[in-house]
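Written below as structure tokens is the structure these notes are about.
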Amino acid sequence: MVVVANAAFLGLLAGWASAGQLPINPGAVWPDNRGQHIQAHGGGIIKLGDTYYWFGEDRSPESDRDKRYVSCYSSADLAHWTFRNQVVKLADPENLGRRWVLERPKVFHNPKTKKYVMYAHIDGKGGYQFASVAVFTCDSVDGDYQYLKSFRPLGHESRDLGQFVDDDGSAYLIFEDRPFGFRIAKLSDDYLNVEKEMCLMPEHLEGGAVVHYDGLYYVIGSGLTGWRPNPNKYATAPGLTGPWSEFKDLAPPETNTYGSQSTMMLKVVGAKTTTVIFMGDIWKPQTQWDSRYLWMPLEIGGGKLWLPEPKPWTLDLKTGVAQTGRS
Ligand code: GAL
């Protein structure tokens, strides 16, 4: 039985390989061009020209324990990733203590200033009391990002953060504000500040992400259970200011989002169709560097969003068509 399943799977792989495509395999080790598992946890993606850049927490075990790292990878097809640079190698900039954290880095490209601006959650370990965003800038997408400052967006606590760039180019931060809920706020023109609140949802959610699809905004988030997965939820609204629908499950709740936690939704617009990819992290708290990625095309439309059971899949970037194989 096992042999048959393996043979079938190998056949599928061979088919994809001969078609010039290799699958995205949710939950598997994902080697970069050097053969090393990609270190872009809690990450985000931007597209420049035809190239995608993936940024995330680099939790490599050989790292200097006093520093925090963010790595950047590039890809033309979202499946094969080339390591570009450890774009952040930072020592505690705010006297936060030995176990300080730099999490969920997200990079925005500002078309006016031409700068790359990174936001990340910066905190001290004991209770995450600093609850602030760190801002970095760089003149090139994969250069060495310089730490600029930290602050609480609009004066509010901010832990997990997410990014959203709308079809008109406006850039937003989604952040978890423990006393109040889930906020979406617009960045200033130069992206160096958080300027305007779009909405405050009273739900306590983190790992926030937004996509604008077919005239509706969809927001997703996870519950606050630390590294342990939980049933992630979604809501919809005609605009970022709301009114937002109630939050519903985006996967069978008993699967705890198939063991993952949301970090971003990536919209790929092709000639035939548009695919929205759920990007989640399967955390391994004891061996963080081995945390996996759960990327799957979402079933989306008409106010509904659903994460299908994870299986290997391919994406044709030209047509936008995603094809799921059998696992
Ligand atoms: C999660 C959060 C992660 C990390 C973790 C630490 O809730 O999404 O980014 O902060 O808690 O326990």
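Ligands, DNA and RNA are left out, and with a 1.4 angstrom probe the accessible area of the chain is 43 Å² per residue.
Rounded to whole Å, the principal axis extents of the Cα atoms in the range 255-327 read 43, 25, 22, largest first. The listed residues ARG228, ARG98 rank as ARG98, ARG228 when sorted by accessible area, largest first, using a 1.4 Å probe. When only alpha carbons are used to place a centre, the range 201-220 and the range 66-107 end up 24 Å from one another. Taking a straight Cα-Cα cut-off under 16 Å and skipping sequence neighbours fewer than 8 places away in the same chain, the lysines within cross-link reach of LYS196 are LYS186. Loop-located GluC sites (Glu not before Pro) across the range 54-146 with a Cβ neighbour count of 14 or fewer within 10 Å are GLU62, with loop assigned by DSSP.
Proximity of backbone amide H atoms, modeled 1.01 Å from N, is registered between TYR217 and ALA237, GLY239 at under 5 Å, excluding neighbours fewer than 5 places apart on the same chain.
Shown are GLU254, GLU203, whose ranking by accessible area with a 1.4 Å probe and every protein chain present, most to least, is GLU254, GLU203.
Helix 2-18 sits at what angle to the longest principal axis of the chain, using alpha carbons and giving 0 to 90 degrees rounded to 10? Helix 2-18 sits at roughly 80 degrees to that axis.
LYS89 sits among other residues whose Cβ lies under 10 Å from its own Cβ, and their net charge, with Lys and Arg +1 and Asp and Glu -1, is -1. Can you tell me, using C-alpha contacts under 8 Å and at least 6 residues apart, the relative contact order of the chain as a whole percent? The normalised contact order for the chain reaches 13 percent.
Averaging Cα coordinates gives a centre for the range 261-327 and one for the range 143-194; these two points are 24 Å apart. Using C-alpha pairs below 8 Å separated by at least 6 residues, the relative contact order for the range 54-123 is 27 percent. With contacts taken as Cα pairs under 8 Å and at least 6 residues apart, the range 172-317 reaches a relative contact order of 15 percent. Stokes-Einstein diffusion for the range 25-175, with the hydrodynamic radius set to the Kirkwood value over Cα pairs and evaluated at 20 °C in a medium of 1.002 mPa s, equals 135 µm²/s.
Its Kirkwood hydrodynamic radius, worked out from the mean inverse distance over all distinct Cα pairs, puts the chain at 20.0 Å. Count Lys and Arg as plus one, Asp and Glu as minus one, and take only other residues whose Cβ is under 10 Å from that of GLY162; the net charge is then -1. Taking a sphere under 9 Å around the Cβ of ASP139 and counting the other residues whose Cβ falls inside, with K and R at +1 and D and E at -1, yields a net charge of +2. Among the protein heavy atoms, those of TRP295 account for about 0 Å² of accessible surface (1.4 Å probe, every chain in place). Of all the accessible heavy-atom surface of the chain, with the other protein chains kept in place and a 1.4 Å probe, what percent is carbon and sulfur? Heavy-atom surface of the chain belonging to carbon and sulfur, 1.4 Å probe: 51 percent. Projecting the Cα atoms of TYR234, HIS80, ALA271 onto the dipole axis of the chain, where Lys and Arg carry +1 and Asp and Glu carry -1 at the beta carbon, places HIS80 farthest toward the positive end. Over the range 120-172, the ratio between the Cα radius of gyration and 2.2 N^0.38 Å evaluates to 1.31. Extents of the range 191-327, taken as max minus min of Cα coordinates on every principal axis and listed largest first, are 43, 42, 34 Å. Set against the 2.2 N^0.38 Å expectation for a compact globular protein, the range 178-232 has a Cα radius of gyration ratio of 1.29.
Provide, as a two-decimal number, the C-alpha radius of gyration of the range 139-262 over 2.2 N^0.38 Å, N being how many residues it has.
Here the Cα radius of gyration is 1.09 times the empirical estimate.
Among LYS89, LYS284, LYS186, which one shows the highest mean-square fluctuation when the chain is modelled as a Gaussian network with alpha-carbon springs under 10 Å? Looking only at LYS89, LYS284, LYS186, the biggest GNM fluctuation is shown by LYS284.
The values are calculated or read from the model by the stated rules, or taken from the named source; none is laboratory data. Just so you know, these numbers come straight off a predicted model, no measurement behind them. No Cβ is skipped: glycine too gets one built from the backbone with ideal geometry, and neighbour counts run over all protein chains shown. These accessible areas exclude ligands, DNA and RNA; they are computed on the full protein's heavy atoms, side chains included. Shrake-Rupley method; radii C 1.70, N 1.55, O 1.52, S 1.80 Å.
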